[in-house]
Every structure is written in C-alpha cells, then in structure tokens.
Amino acid sequence: MSRSKELFKPINKSEVTMYNCGPTVYDTPHIGNYRTFVLNDLIRRTFEYNDYEVTQVMNITDVDDKTIRRSRAENVKLSTLTKKYEDLFFQGLTSLNILKPQNITRATEYISAMIELVQSLLDNRVAYKAKAGIYVSIDKVKNYGALACLDLSKDSNDEHGQERISNDEYDKENPRDFAVWKFRNEDDGDVFWPASFGEGRPGWHIECSAMSMKILGPTMDIHTGGSDLIFPHHTNEIAQSESATGKPFVHYWIHGGFMNVNGDKMSKSKNNFSKLEELSGSDVSPIAFRYWLLTAHYRTQINFTFEAVKAAQNAFLKLAANISEYPEGGVISADYKEKFIKYINDDFDMPRAVALVWDLMKDSGVSNDNKRATVLDFDKVFGLGLSKLVKESVEIPQNIKALADAREIARQNKDWTKADELRKQIEQAGYDVSDKDGAYKITKKN
Ligand SMILES: [Zn+2]
C-alpha cells in the first residue's frame with residue numbers, strides 16, 4: 001500500500017496470518033502462475049525460520065465466469081472440471097517442493113459466508129440491487145483504489161486506465177461498480193445458490209474477501225498475489241471487506257512480479273515451455289526451476305528461457321554434489337547464518353541469500369562438514385529438498401553420484417525409462433542405489 005518496505009509488526013506476537021490468492025481451476029496452470037506460489041512458500045518458510053507460527057490460507061476459485069464457461073463448453077459438471085485442474089495444480093506444487101497451506105478453501109464450500117458478506121453490504125447500503133446482480137457502489141467506499149493508486153477524478157489515462165474499469169466482466173450496468181453477486185441466468189446452467197436477495201452465484205472478488213475473513217478474521221497480517229491482481233481484484237477485496245467490517249483488511253500486501261515466457265510460440269522444438277509438465281518432460285527438473293526463481297528478486301519482472309533454467313540446474317546440481325561429498329556432523333556457521341537471516345529478512349532477498357551460499361562454498365576458512373550443516377539449514381527456507389539429493393556416504397566416486405543425481409531428476413520427472421537406464425549404469429559400475437523416505441542411497445556392491 002505504501003509502495004515501500006515496512007517493518008513487519010504482527011497482529012499477534014510470534015504469529016503470522018497470511019492469505020494467498022489461489023488458482024482458478026479451469027485450465028492447466030502456466031509456469032508463470034507458479035512463480036507466485038513459490039513466493040508464497042518462501043514467505044511462509046522465512047517466517048517459520050524466524051520462529052513465527054504461520055497460518056496460511058489459499059483459496060481455490062472453483063466457481064466463476066471462466067470455470068462455468070469451460071465446463072459448459074466441455075459439457076461436464078462444474079465440479080468434474082474443477083477437480084481435474086485442482087489435482088493438476090497440486091501436483092505442480094508438490095513437484096516444486098511447495099509446502100501445502102494448512103487451509104485450502106474452495107469457493108463452492110464457502111457460499112454461505114459470501115452470502116452473509118453480501119447481505120452486510122446491502123444492510124449498510126454500500127451495495128445495491130440491480131437487474132443482473134448485487135453491485136458495490138464505489139462512491140460509497142472510502143479511499144477506493146488506493147492500493148492501485150487510482151485517480152478516480154480523472155476519466156482516463158490514469159495508471160490502470162478507465163478502460164479497464166469499464167471492461168471488468170462483472171460490470172454490466174454502471175461501469176465503475178462491481179458485482180458481488182450475479183443473479184441466476186441461462187449462461188450459468190445449473191450453477192446457482194439460493195439467497196434471500198435472489199438466487200445466483202458470487203462474483204470472484206467477494207469470494208476471496210469472504211474466505212479470508214472467515215478463517216483469519218477481519219484483519220490479517222499479509223495478503224499476497226501476482227501484481228496483476230492489484231486491480232481490480234485486490235482493490236475490490238479491500239473495498240468490500242472494509243466497507244462490511246469497518247476495520248483495516250490487510251496490514252501488508254506483497255505482490256510478485258510478472259514472468260514472461262520467451263516467445264509467444266510455445267513450441268517445444270524451440271525449447272519454449274509454458275506448462276510445468278512440459279518442463280518435466282524435458283531434461284530439467286521443476287526443482288531447477290525453483291532454484292532459478294530464487295536467483296531473481298520476487299518483485300522484478302523475469303524472462304523465462306529454457307537455457308536460463310538449464311544453467312540454474314547445472315549450478316544446483318553442482319551444489320548438491322558438493323554438499324553430498326562433505327561429511328556429516330558439522331555445525332552451522334554462526335557468521336553465515338547471521339548474514340543469511342539479514343538477507344532473507346530484508347524483503348525476502350533470496351538472490352543475495354543464494355549468492356551467500358556460493359561465498360560459503362568457496363570459503364576455505366569453513367570446514368566442509370560445517371558447510372554442509374549450514375547449507376542444509378538454509379535450505380529450510382530455499383526449499384530445494386537438498387537433503388533428499390544428498391547421500392549419506394562419502395566414499396562414492398563423483399561419476400556415480402552424478403549418475404544417481406541424474407536418475408533422481410528422471411524419477412522426479414517420472415521418466416521411468418531413463419531412471420531405469422541410469423540405475424543399470426550405476427549397477428554395472430559396481431554400486432547399488434536404493435530409495436527410502438524420499439531420499440536415495442548409494443552403496444558399494446559386496
Ligand atoms: Zn483472490
């Protein structure tokens with residue numbers, strides 16, 4: 001809101017309440033969408049590393065214009081469609097080592113909370129009933145558009161443009177007002193719920209307000225989303241939430257930068273990828289994609305190229321190989337930990353934290369066992385699952401470890417043929433590889 005870094009002060013000591021706008025489950029997520037979910041995960045892990053208890057809520061938008069349209073086009077039940085894409089989305093989160101939020105809220109399971117919120121907006125006359133639905137009158141909202149720096153006195157050419165306000169797909173009658181409830185209509189088929197003010201379904205914006213406040217209360221510490229959600233989505237969330245409760249909705253907004261995918265043509269032959277599964281089908285791992293994301297600050301705009309992620313994967317594998325060679329039993333370097341905390345606590349500066357890891361690797365003043373202990377500790381925040389890639393034994397030759405790393409990546413990518421082939425190579429060289437508790441272990445054959 002202030003467009004600047006602020007000192008974080010929690011509502012309740014040692015606790016963080018956080019809401020993340022989740023996916024609209026009508027299609028396979030674009031890899032750019034996952035950047036925001038990695039950011040959410042890094043925020044949570046950073047607070048947990050600082051001994052905060054984080055209550056994280058992420059919604060699943062399983063009813064809105066897009067989901068309904070798609071289910072009608074495919075002639076399947078809305079829930080059949082949304083379940084399919086929700087499952088795909090969670091597979092993506094798992095492959096990126098993203099911790100599952102404790103609270104996953106599906107819009108269709110919170111309709112009564114949405115109806116209550118709409119009713120309170122009608123009661124205090126911020127919302128009015130029109131032909132197509134219930135609308136919020138933005139003239140009745142204090143500081144409407146502050147988050148997006150909207151200047152409502154201008155008719156056009158402000159930051160986001162008047163055009164976008166009038167083009168909001170919910171605005172049918174009065175171009176500036178937005179719908180919180182859409183009355184039942186033919187295009188929605190059998191998707192509607194009863195309500196005292198008229199059967200219908202919620203607008204997208206009200207969904208997030210109702211679900212976040214139902215779990216976290218009227219005021220939360222942190223609300224996140226991609227920067228494309230600042231207007232109109234988050235702007236409208238603030239308007240309707242604060243109008244209903246009279247309390248500040250969110251203390252800190254965190255928005256992730258945009259990710260471009262190189263080239264409009266998403267052809268595989270050109271090594272351009274737009275979906276996570278396409279990445280998995282290539283020889284780079286989703287974890288390498290995560291590592292690559294860590295190397296850019298979350299607010300910067302980044303450009304995805306296969307080559308960039310491939311280079312990140314090489315760096316990541318080198319790190320994993322180094323750490324796996326180092327003996328266990330070390331202690332965490334206090335100096336490096338102090339710097340690490342300073343960086344991650346400075347607006348989640350992961351690029352500096354990653355650079356610090358490489359400084360540590362080169363530092364001859366720190367013993368190898370201590371390097372290992374320190375990097376594995378930092379990985380609680382990075383979430384690269386390094387401990388899974390790291391083997392227990394130090395007596396395994398480098399080329400065998402490289403084969404085992406490659407096999408692990410093939411396994412993560414579900415490329416079983418390649419994984420089997422690599423296993424054979426490892427066995428032919430006189431070693432066994434076994435998988436246990438999400439980690440693998442190499443042993444010399446007797
Ligand atoms: Zn939202």
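Points worth noting:
- All positions within region 198-222 that are surrounded by fewer than 24 Cβ atoms within 10 Å (Cβ to Cβ) and either outside the structural domain of residue 105 (by TED's automatic domain parsing) or polar (S, T, N, Q) (or both): 219
- Condition check for residue 336: of a type in the set (Ser, Thr, Tyr) and open to solvent by 30 Å² or more (accessible area, probe 1.4 Å): no
- Residues within region 376-394 that are at pLDDT below 95 and either in a helix (DSSP H, G or I) or under 28 Å from the mean Cα position of the chain (by Cα) (or both), tallied: 6
- Counting only residues that are part of a loop (DSSP other than H, G, I, E, B) and either open to solvent by 60 Å² or more (accessible area, probe 1.4 Å) or closer than 24 Å to residue 181 by Cβ (or both), region 57-89 holds 5 of them.
- Pairs with Cβ under 7 Å, 6+ apart, first in region 90-112 and open to solvent by less than 10 Å² (accessible area, probe 1.4 Å), second among the β-branched types (Val, Ile, Thr) and assigned to a helix (DSSP H, G or I): 96/38; 105/215
- Hits in region 57-77 - residues which are of a type in the set (D, E, K, R) and away from the ligand (no atom under 16 Å from the Cβ): 69, 70, 72, 74, 77
- Residues in region 210-242 that are farther than 17 Å from residue 36 by Cβ and outside any helix (DSSP H, G or I): 5 in all.
- Inspection of region 122-130 identifies at least one residue that is in a loop (DSSP other than H, G, I, E, B) and crowded, with 16+ Cβ neighbours inside 10 Å.
- Among the residues of this structure, residue 357 does not count as one that is modelled with pLDDT under 95 and closer than 30 Å to residue 253 by Cβ.
- Test: residue 54 is assigned to a helix (DSSP H, G or I) and either away from the ligand (no atom under 13 Å from the Cβ) or under 13 Å from residue 256 (Cβ atoms) (or both): no
- When residues of region 29-51 are limited to those that are aromatic (Phe, Trp, Tyr) and within 15 Å of the chain's Cα centre (by Cα), the one nearest to the ligand (Cβ to nearest atom): 37
- Residue in region 18-28 that is among the small types (Gly, Ala, Ser), within 16 Å of the ligand (Cβ to nearest atom) and within 24 Å of residue 260 (Cβ to Cβ) present: yes
- All of 119, 91 fail the test of being among the polar types (S, T, N, Q) and over 15 Å from residue 209 (Cα atoms), apart from 91.
- Count of region 242-257 residues, restricted to those that are open to solvent by less than 30 Å² (accessible area, probe 1.4 Å), within 18 Å of residue 4 (Cβ to Cβ) and of a type in the set (A, V, I, L, M, F, W, C), is 2.
- Only one of 28, 80 that is β-branched (Val, Ile, Thr) and either under 20 Å from residue 206 (Cβ atoms) or touching a residue at least 24 places away in the same chain (Cβ under 8 Å) (or both): 28
- Qualifying positions in region 223-241 - among the small types (Gly, Ala, Ser) and buried (at least 22 other Cβ atoms within 10 Å of the Cβ): 225, 239, 241
The values are calculated or read from the model by the stated rules, or taken from the named source; none is laboratory data. Because the structure is predicted, anything quoted here is derived from the model rather than measured. Cβ sites come from the backbone with ideal geometry, for glycine too, and all protein chains shown count toward neighbours. For accessibility, only protein heavy atoms count, side chains too; no ligands or nucleic acids. Shrake-Rupley method; radii C 1.70, N 1.55, O 1.52, S 1.80 Å.
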